[in-house]
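The block underneath contains the structure these notes are about, expressed in structure tokens.
The values are calculated or read from the model by the stated rules, or taken from the named source; none is laboratory data. Note that the coordinates shown come from a computational prediction; the quantities given were computed from them, not determined experimentally. Cβ placement follows ideal geometry from the backbone for every residue including glycine, while neighbour counts extend to all protein chains displayed. Only protein heavy atoms, including side chains, enter the accessible area calculation; ligands, DNA and RNA are left aside. Shrake-Rupley method; radii C 1.70, N 1.55, O 1.52, S 1.80 Å.
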Amino acid sequence: MDLGFRIAGHELAWANDVDADCVDTYRFNLGDHVVLGDISELPESEIPDGEIIIGGFPCQGFSRANLKRSPEDSRNRLYLEFVRVLREKQPPYFVAENVRGILSLDGGKVVEMILQDFKDCGYRVSHHLVNLADFGVPQSRRRVFFLGTRHDIDEILRMPSPTHAREATLLRKSWVTIGEALRDIPDPEEHHDLLNHVSSQYKVTDRNFTGHRRTDPNKPSPTILARGDGGGGVCALAHPRHHRRLSVRESAIVQSFPLDFQFFGSLNSMYRQVGNAVPPVFAARLAEGIPRMEQDASEAKECAGVAK
């Protein structure tokens, strides 16, 4: 998400992650303003003020793929760290992202609780279930976005209008397919100069579940997945030709990362970083619509903080 905001012209003031590989990747591509550490142990005084707080609290406990998801899951509590920073820093706007499973957790009570916590911090809040294929991402990826505007700000943060649809219309282009996105990408063993073009050797199967789904070249890709806790091995989708798994680079292309964005860490870690990301093409579209504050340039810094 930070990359998309930078593409849209925002300045990144601060970022945080507890995963060392994520921090290495972030620092190389986006700058030294990233801090490695547990957000729950970082005091507000060490976080700079800004106009926007953006981030995604851990989603594994909310995921529809987690059949044991529960309000008591410890990973479902870290959104309170996002709330803590929001309450103390009081930026004009915030954006938070999560999986669609959050909407049904505990019969909808969890999302109501989260919305109320955000409102109690002094914000008008809306939440939106979005398929990112509708914004030019070559992937069917449904995610929930919480958009917050501080009560004293007149111009409310809104979800942008989709740019794509299943079929082209006068106002929208047709969805970008995975076949289009990967058309010019050679196999990893062929000659190439692509970064991170390494692939899992895990056998391709067709069981219509998570990483075992068949990939149709004439449709957007199934959702690029991640095992957020790093356990259980690589989770990579099948290539559209069904002869191997997608490489890290191909997964990143499907997530709309530019070719010069480089990932660091083990193969498992790189796949996980890609799968956990917000596609920057969508993030840029969202960031373009965020109003700019009328204030001195020295104070007008957007703050990108990831509460994990």
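Filter the stretch 171-208 for residues that are buried (at least 18 other Cβ atoms within 10 Å of the Cβ), among the β-branched types (Val, Ile, Thr), modelled with pLDDT of 95 or more and part of a loop (DSSP other than H, G, I, E, B) and give the result.
Here is the first cut: in the stretch 171-208, the ones buried (at least 18 other Cβ atoms within 10 Å of the Cβ) are 175-178, 181-182, 185, 196-197, 199-200, 204.
Filter once more, keeping what is among the β-branched types (Val, Ile, Thr): 176-178, 185, 204.
Remaining after also requiring modelled with pLDDT of 95 or more: 176-178, 185.
Listed by number, the residues that qualify are Val176, Thr177, Ile185.
Looking only at the stretch 226-233, decide whether some residue is touching a Gly at 6+ places or on another chain (Cβ under 6 Å) and either modelled with pLDDT of 95 or more or within 15 Å of Phe135 (Cβ to Cβ) (or both).
So the first thing to find is which residues in the stretch 226-233 are touching a Gly at 6+ places or on another chain (Cβ under 6 Å), and the list is 226.
Those still in the list that are either modelled with pLDDT of 95 or more or within 15 Å of Phe135 (Cβ to Cβ) (or both) too: none.
Looking for residues that are touching a Gly at 6+ places or on another chain (Cβ under 6 Å) and either modelled with pLDDT of 95 or more or within 15 Å of Phe135 (Cβ to Cβ) (or both), one finds none in the stretch 226-233, hence no.
Does the stretch 274-290 hold any residues that are open to solvent by 20 Å² or more (accessible area, probe 1.4 Å) and farther than 17 Å from Val176 by Cβ, and which are they?
Initial filter on the stretch 274-290 (open to solvent by 20 Å² or more (accessible area, probe 1.4 Å)): 276, 281, 285, 288-289.
Result: Asn276, Glu288, Gly289.
Can Phe135 be described as farther than 23 Å from Ala226 by Cβ and at pLDDT 95 or above?
On the way: farther than 23 Å from Ala226 by Cβ: no; at pLDDT 95 or above: yes.
Against the criterion (farther than 23 Å from Ala226 by Cβ and at pLDDT 95 or above), Phe135 does not qualify.
Give the residue that is least open to solvent (accessible area, probe 1.4 Å), with candidates limited to residues of the stretch 244-266 that are hydroxyl-bearing (Ser, Thr, Tyr) and either part of a loop (DSSP other than H, G, I, E, B) or more than 18 Å from Arg141 (Cα to Cα) (or both).
Going through the stretch 244-266, the residues hydroxyl-bearing (Ser, Thr, Tyr) turn out to be 247, 251, 256, 266.
So of that shortlist, the ones also either part of a loop (DSSP other than H, G, I, E, B) or more than 18 Å from Arg141 (Cα to Cα) (or both) come out as 247, 256, 266.
On the way: Ser247: 0, Ser256: 21, Ser266: 65 Å².
Among them, the one singled out is Ser247.
For the stretch 129-178, enumerate the residues that are out of contact with any helix residue (DSSP H, G or I) (no Cβ under 8 Å at 6 or more places or on another chain), charged (D, E, K, R) and touching a residue at least 60 places away in the same chain (Cβ under 8 Å).
If the condition is that a residue be out of contact with any helix residue (DSSP H, G or I) (no Cβ under 8 Å at 6 or more places or on another chain), charged (D, E, K, R) and touching a residue at least 60 places away in the same chain (Cβ under 8 Å), then Arg150, Glu155, Arg158 are the ones that fit.
Among (1) under 30 Å from Val85 (Cα atoms); (2) surrounded by fewer than 16 Cβ atoms within 10 Å (Cβ to Cβ); (3) at pLDDT 95 or above, where does Asn218 come up short?
Asn218 satisfies every listed condition except (1).
Just need a number here: residues in the stretch 23-38 that are touching a residue at least 24 places away in the same chain (Cβ under 8 Å), open to solvent by 20 Å² or more (accessible area, probe 1.4 Å) and within 20 Å of His10 (Cβ to Cβ).
3
Taking the options Lys109, Lys119, Lys68, Lys89, name whichever one is more than 20 Å from the chain's Cα centre (by Cα), open to solvent by 50 Å² or more (accessible area, probe 1.4 Å) and either among the aromatic types (Phe, Trp, Tyr) or at pLDDT 95 or above (or both).
Numbers: Lys109 fails: either among the aromatic types (Phe, Trp, Tyr) or at pLDDT 95 or above (or both); Lys68 fails: either among the aromatic types (Phe, Trp, Tyr) or at pLDDT 95 or above (or both); Lys89 fails: open to solvent by 50 Å² or more (accessible area, probe 1.4 Å).
After applying the criteria, what remains is Lys119.
Taking the stated definitions as given, is Arg142 touching a Gly at 6+ places or on another chain (Cβ under 9 Å), of a type outside the set (Phe, Trp, Tyr) and open to solvent by 10 Å² or more (accessible area, probe 1.4 Å)?
On the way: touching a Gly at 6+ places or on another chain (Cβ under 9 Å): no; of a type outside the set (Phe, Trp, Tyr): yes; open to solvent by 10 Å² or more (accessible area, probe 1.4 Å): yes.
The answer is no for Arg142.
Quick one: is Val176 under 23 Å from the mean Cα position of the chain (by Cα), within 20 Å of His242 (Cα to Cα) and not small (Gly, Ala, Ser)? Talk me through it step by step, then tell me what you get.
Details: under 23 Å from the mean Cα position of the chain (by Cα): yes; within 20 Å of His242 (Cα to Cα): yes; not small (Gly, Ala, Ser): yes.
Yes: the conditions hold for Val176.
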